[in-house]
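Novice: Before I ask anything, here is the structure I am working with.
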Amino acid sequence: MRKLRSAAIMLGVVMLLASPALAAGVPALETVTFKITGVDNMEGMEGMVCDGCTAKVKNALEEVEGVTKAEVDLAKATAVVTYDPDKTTIEAMQQAVLENANFQAVVVEPKETNGLFAAVVKPGDTCCGNCQRGR
């Protein structure tokens, strides 16, 4: 009787873990790495140059619905983003970086992603606006 009860409990646990309803409650998150680029034409500097730049990129990404985490690295000029692909797209994140931080986000990883976003950035519009480099 004791073995039968243990087997029934184990079967119940396995069925619970394999339940589609349980699995449906946990989003399948993905990660993408962007190279952050842009030119501050006022100073001729390439890409992010200060903590204000990284903060703007991070905030732009975190405001996108479906983004659960964004880590921006100033030294590497990258942003690693964890997101729910059922709620957002790579293109939506790239658009948010362009519109809200004035930088371009080019996909580095995953390599199989072919959703690169190309945009023309107007001269003088690529700085985060927080830099005070002699202005």
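Where a number appears in this text, it was derived from the coordinates with a stated rule and is not lab data. Here the structure is a predicted model, which is why all the values come from computation and not from measurement. Backbone-built Cβ (ideal geometry, glycine too); neighbour counts: all protein chains shown.
Novice: Rounded, prolate or oblate: which one fits the stretch 30-109, using the alpha carbon gyration tensor with axes a ≥ b ≥ c (rounded when a/c is under 1.5, else prolate when a/b beats b/c, else oblate)? Walk me through the intermediate numbers first.
Specialist: Values: a/c = 2.02, a/b = 1.86, b/c = 1.08.
Prolate shape, in that a/c is at least 1.5 and a/b is the bigger ratio.
Novice: Run the numbers for Ala75 and Thr37: contour at 0.36 nm per residue of separation, minus the present Cα-Cα distance, in nm.
Specialist: Taking Ala75 through Thr37 to full extension adds about 12.4 nm, to one decimal.
Novice: Something else about it: Ranked by Cβ crowding within 10 angstrom, fewest neighbours first, how are Thr54, Thr88 ordered?
Specialist: On the way: Thr54 22, Thr88 17.
With the sparsest Cβ surroundings first, the list reads Thr88, Thr54.
Novice: Further question on the same structure: What FRET efficiency, computed as 1/(1 + (r/R0)^6) with R0 = 25 Å and r the Cβ-Cβ distance, is obtained for Ala28 and Glu91, rounded to the nearest 0.05?
Specialist: Given R0 = 25 Å and the Cβ-Cβ separation, E is 0.85.
Novice: Using modelled amide H (1.01 Å from N, peptide plane; none on Pro or chain starts), what sits under 5 Å from the amide H of Lys69, excluding residues fewer than 5 places away?
Specialist: Here the answer is Thr82, since their amide H atoms fall under 5 Å of that of Lys69.
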